[in-house]
Amino acid sequence: MDRTGLADFLRRRRAALRPADVGLMSGPRRRTPGLRREEVAALTGMSVDYYVRLEQRRGPQPSEQMLAALARTLRLTAEERDHLYRLAGHNVPRRTPEDGHVAPALLRVLDRMADTPALILSSLSEVLVANRLAVSIFGDPATRTGLARSDVYRWFTDPTARSVYPAEDHDRQGRSLVAALRAAYGAAGPRSRAGELVRALLAGSHEFRDLWQRHEVARRFADHKTLVHPEVGDIEVDCQALFTEDQGQALLVLTPRPGSEAEEKIRLLAVLGHQDFAGTVR
């Protein structure tokens, strides 16, 4: 672990970011160039003291999970992310469409979307990051671990995962998830995380096995959907996706028709916040 190099890299990357780059308000009294240490700590999910010690060359070696979160907070490119891992004394993560490092370009767009639900998905239908409105509808992705990080895995193993869609849309949504997984499996191969996911679902779900045998392949996001929220009811939205160059990640934006009842419901969610519904969100 190169403590001096790590501390200098963190300070410089923090100073290079503006609050607006990470979706924060700058405020009239800000004197610190770039982000404050406490802002980096909060966005990363670590204590302020822990982060301060890293910048002061006296912190313990960060875990790979913590480094991944730091790379996301600091909007690091793949090359910068790899450099961060080396400075911290860890092996560089293998670069694949499944490695989970969120594309900074997609994050920059997401950071500017405060008035409509938006989230970034991996090729395995994992929610890598979501804004506050998306969390209020779909739940907090940070609470999910292992295979359950994937929407397609939860769809076929956890009945509550389907409650965000009306019953009449379940067949279409299930087929869409399986078709997207088939595309990821074809690109990554049987020894990939996509292969692990497929094997687990083939062993555990008759419904998945039936759909998998259809050999439907698609990455379809542009669509009109009805989402179900436990407090405000049905919300009709149009879905549009912005993909990374390698098609490994997609920024999904859910927009209601202007002047519609759905637009009013999303405004209500924005005012109330997802914490009011902590006991009911999925």
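The values are calculated or read from the model by the stated rules, or taken from the named source; none is laboratory data. Remember, it's a predicted structure, so these values are computed and weren't measured experimentally. Ideal geometry is used to build each Cβ from the backbone, glycine not excepted, and the neighbour counts take in all protein chains shown.
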Among (1) within 15 Å of Ser176 (Cβ to Cβ); (2) at pLDDT below 95 - the single one Trp212 does not satisfy:
(2)
Here's a check for you: in region 76-85, which residue that is without any contact (Cβ under 8 Å) to a residue 60 or more places away in the chain and surrounded by fewer than 20 Cβ atoms within 10 Å (Cβ to Cβ) is farthest from Leu106 (Cα to Cα)?
Tyr85
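Does region 32-61 hold any residues that are surrounded by 17 or more Cβ atoms within 10 Å (Cβ to Cβ), on the phi < 0 side of the Ramachandran plot and touching a helix residue (DSSP H, G or I) at 6+ places or on another chain (Cβ under 7 Å), and which are they?
Passing the criteria: Leu35, Arg37, Val40, Ala41, Leu43, Thr44, Met46, Tyr51, Leu54, Glu55, Gly59.
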When you look at Arg14, is it under 26 Å from Val109 (Cα atoms), surrounded by 13 or more Cβ atoms within 10 Å (Cβ to Cβ) and in contact with a helix residue (DSSP H, G or I) (Cβ under 6 Å, 6 or more places away or on another chain), yes or no?
yes
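Here's the yes/no breakdown for (1) in the same structural domain as Pro141 (by TED's automatic domain parsing); (2) under 30 Å from Leu272 (Cα atoms):
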| position | (1), (2) |
| --- | --- |
| Arg13 | no, no |
| Ser26 | no, yes |
| Arg29 | no, yes |
| Arg58 | no, no |
| Ser63 | no, no |
| Met66 | no, no |
| Thr73 | no, yes |
| Val109 | yes, yes |
| Ala114 | yes, yes |
When the residues of region 220-235 are filtered to those that are surrounded by fewer than 16 Cβ atoms within 10 Å (Cβ to Cβ) and not aliphatic (A, V, I, L, M), which remaining residue is nearest to Val102 (Cα to Cα)?
Arg220
List, please: which pairs have Cβ atoms under 8 Å, are six or more places apart or on different chains, and start with a residue in region 188-205 that is over 19 Å from Asp158 (Cβ atoms) and end with one that is of a type in the set (Ser, Thr, Tyr) and not in a loop (DSSP other than H, G, I, E, B)?
Ser192/Tyr185; Ala194/Tyr185; Gly195/Tyr185
For Thr157, which of the numbered conditions (1) in contact (Cβ under 8 Å) with a residue 60 or more places away in the chain; (2) among the hydroxyl-bearing types (Ser, Thr, Tyr); (3) closer than 22 Å to Ala200 by Cα fails to hold?
(1)
Within region 121-138, is even one residue assigned to a helix (DSSP H, G or I), of a type in the set (S, T, N, Q) and modelled with pLDDT under 90?
no
Quick one: would you say Glu168 is in contact with a Pro (Cβ under 6 Å, 6 or more places away or on another chain), over 20 Å from Ser125 (Cα atoms) and at pLDDT 90 or above?
no
Are there any helices (runs of 4 or more DSSP H) wholly within region 1-101 with 2 or more residues that are closer than 24 Å to Arg144 by Cβ, and if so which?
37-44, 64-73, 78-87
